[in-house]
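Before any comments, here is the structure.
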Amino acid sequence: MKRRLAGWAIGAAGLAAAGIGTAQNEKPVLPPALAAKVAALPKAKRDFLTSDEAEMFAGSYPKLYERLSTKSPAEIEAYIDGAQAALQASKFNAATDMAAIPLNTGKDSFNGWKVRRPAGLDPKREPGPIELSYYLHGRGGGVYGGGIATFAGAPVAIFPEDLVAGKVDVAIVGAPLDMGSGYRGAKGGPAAMRNQYGAGGIDMYTMVDPSKELNIVDYGDIAVDNMSTERTVHHVRERVAEIARTGAIPFIVGGDHSLEYSDVAGLADVHGKGSFGVVHFDSHYDAGKEGVHFITHGAPVYRAVKEGHVQGRNYIQVGLRGPWPEREGFEWMRDNGVRYHAMPEIEKAGWAATMERALKEARESGKKLFISFDVDVLDPAFVPGTGTPVPGGLTMREAIPIVRRLCAENELVGFEIVELAPILDPTYRSALNANFIMHACLTGVAMRKKGIRQVNFLSDLTTEHGQPGAGESGTKRGKAEKIDPNYPTPSRRGGGGREERAPAAAPDRRGRTT
């Protein structure tokens, strides 16, 4: 039973004011008047009144004891009996409950949804990425569009052999799962990001174009059984490992955040358990451990740490806010060495100082890095299309630099962006901003490939205009524009090489021309 600690927000002083003392283990001591009323009850029932379960029923210990202060001993015992009966009824009963939903294992197509397409079904081709556009410059969207939409306008790869033959640096793959969340819609994330721009082109901050520096491919979507999160994450784990074994960096586009478990586990299968750290951007810490389901979008961090894929001290949380986690969540992170940078720290120290602290922590372990980016870390003003928005989040101006720097200043083993639910956003901004976040990481990877190792590198071209010297130099070199009062009507060259002249002006009613 998850411990409810909202009542502890009043602190020890508040408990004392309510007539409730606390022991050193933070368990309350019954007020004297209430203790006298229940003195004749069995010890087990008296102990229940200082249990986490009893607090859960009332919301806080002060509220519980205030409620019981006006009741008789018999009424208090009836309250305890009712609460304990409800707790017992809530537990698993092997005689009446299903521990798991059985599957039809006798079905011939049991694994058909994830079987690789046999090579003999298609015309033989040489392995390597495939361009899908009819047009020479058709991929990548932009003004003209054309072709088939892909992540970052990249060519497509289908099999691991294509990744190897193409010497692929980054394979972007969709994982349209949303059964790990209580809210539907995240399955539309990959399609929305493919159909929106923002993931391609030059990065003005660094003047690096990841599409020119990196061999990037769209690796399609991983097959999903949207009636079974358990079956899906197992297959996602296999496919993420498949990408990593080729030497390409997997970029996973979700889908809900239960994918973090399968993505981290798949990378650990290749790189080794404990060999890399994780920076987890989220408004929630996602290390829940008390739910009925072991795989949900609120539990991947706990499971990744519990199974040893990533050590707690190599986890960094950024952007936490809202009503979860409560005290026990922060205590769990502290006990397991997790570094966290919640919005209260940002409010206290400022974003710049907090960002530098997180970046330093990511580098100091010397380990490779996986980045998990839940779009709800951003303020809902920037990404309304997510199932669990929380106000007061990061701005795009804050998120882009830290993601770019993490991917530039550390060796990356993988990246995921999750929880985009485009059906919840009537505009295109959520998918657009998700693409810009992914582009920031692609830029960082491209910077490392180019050999840029300077911490917080920014281009001189875009950070300093260099005037008046630059303009004076441009004039001397004949680079400055020559003034033409008739622009754009003077003679011009047509496609056939003949000089085209502007048509003569027609006379007006008085025979004059203009």
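Pairs needed: first member in segment 102-128, of a type in the set (Phe, Trp, Tyr); second member anywhere, part of a loop (DSSP other than H, G, I, E, B) and open to solvent by less than 60 Å² (accessible area, probe 1.4 Å); C-beta distance under 8 Å; at least 6 residues apart or different chains.
Pairs found: TRP113/ALA223; TRP113/ASP225.
Just to be sure before I move on: is THR50 part of a loop (DSSP other than H, G, I, E, B), touching a strand residue (DSSP E or B) at 6+ places or on another chain (Cβ under 6 Å) and free of Cβ contacts under 8 Å to residues at least 60 places away in the same chain in the structure I sent? Working first, answer last.
Details: part of a loop (DSSP other than H, G, I, E, B): yes; touching a strand residue (DSSP E or B) at 6+ places or on another chain (Cβ under 6 Å): yes; free of Cβ contacts under 8 Å to residues at least 60 places away in the same chain: yes.
Here the answer is yes, as THR50 does meet what is asked.
For ALA504, are the conditions met, namely being modelled with pLDDT of 95 or more, over 30 Å from GLU411 (Cα atoms) and assigned to a loop (DSSP other than H, G, I, E, B)?
On the way: modelled with pLDDT of 95 or more: no; over 30 Å from GLU411 (Cα atoms): yes; assigned to a loop (DSSP other than H, G, I, E, B): yes.
Considered against the rule, which asks whether it is modelled with pLDDT of 95 or more, over 30 Å from GLU411 (Cα atoms) and assigned to a loop (DSSP other than H, G, I, E, B), ALA504 comes out as no.
Out of (1) crowded, with 19+ Cβ neighbours inside 10 Å; (2) at pLDDT below 85, what's the single condition that is false for VAL143?
Only one criterion is unmet by VAL143, namely (1).
Among the residues of segment 110-126, write down those that are over 34 Å from the mean Cα position of the chain (by Cα), outside any loop (DSSP other than H, G, I, E, B) and either at pLDDT 90 or above or among the polar types (S, T, N, Q) (or both).
Keep residues of segment 110-126 that are over 34 Å from the mean Cα position of the chain (by Cα), which gives 119-126.
Those left that are additionally outside any loop (DSSP other than H, G, I, E, B): 119-121.
Of everything in segment 110-126, just one residue is over 34 Å from the mean Cα position of the chain (by Cα), outside any loop (DSSP other than H, G, I, E, B) and either at pLDDT 90 or above or among the polar types (S, T, N, Q) (or both), namely LEU121.
Enumerate the pairs (first residue in segment 233-246 and within 16 Å of PRO300 (Cα to Cα) and open to solvent by less than 50 Å² (accessible area, probe 1.4 Å); second residue anywhere and outside any helix (DSSP H, G or I) and at pLDDT below 95) with beta-carbon separation below 6 Å, excluding pairs fewer than 6 apart on the same chain, so at least 6 apart or on different chains.
Qualifying pairs under 6 Å: VAL233/ILE295.
Find the residue count for segment 280-314, including only residues that are closer than 26 Å to LYS360 by Cβ, touching a helix residue (DSSP H, G or I) at 6+ places or on another chain (Cβ under 6 Å) and either surrounded by fewer than 20 Cβ atoms within 10 Å (Cβ to Cβ) or not acidic (Asp, Glu) (or both). Talk me through it step by step, then tell me what you get.
Kept after step one, since they are closer than 26 Å to LYS360 by Cβ, are these residues of segment 280-314: 280-287, 300-302, 304-305, 308-314.
Those left that are additionally touching a helix residue (DSSP H, G or I) at 6+ places or on another chain (Cβ under 6 Å): 281-283, 285-287, 300, 304-305, 309-310, 312.
From what's left, either surrounded by fewer than 20 Cβ atoms within 10 Å (Cβ to Cβ) or not acidic (Asp, Glu) (or both): 281, 283, 285, 287, 300, 304-305, 309-310, 312.
Of the residues in segment 280-314, 10 are closer than 26 Å to LYS360 by Cβ, touching a helix residue (DSSP H, G or I) at 6+ places or on another chain (Cβ under 6 Å) and either surrounded by fewer than 20 Cβ atoms within 10 Å (Cβ to Cβ) or not acidic (Asp, Glu) (or both).
Report, ordered by the first and then the second residue, all pairs with beta carbons closer than 6 Å, sequence separation of six or more or different chains, a first member in segment 165-188 that is over 20 Å from ALA223 (Cα atoms), and a second member that is of a type in the set (A, V, I, L, M, F, W, C) and surrounded by fewer than 24 Cβ atoms within 10 Å (Cβ to Cβ).
ASP169/LEU214
Would you tally the residues in segment 7-47 being in a loop (DSSP other than H, G, I, E, B), surrounded by 11 or more Cβ atoms within 10 Å (Cβ to Cβ) and at pLDDT below 90?
Adding up the residues that qualify gives 5.
The values are calculated or read from the model by the stated rules, or taken from the named source; none is laboratory data. Fair warning: this is a prediction, and the values are worked out from it, not measured in the lab. Here Cβ is always computed from backbone atoms with ideal geometry, including for glycine, and neighbour counts include all displayed protein chains. To get the accessible areas, we keep the full protein, side chains included, count just its heavy atoms, and leave off ligands, DNA and RNA. Shrake-Rupley method; radii C 1.70, N 1.55, O 1.52, S 1.80 Å.
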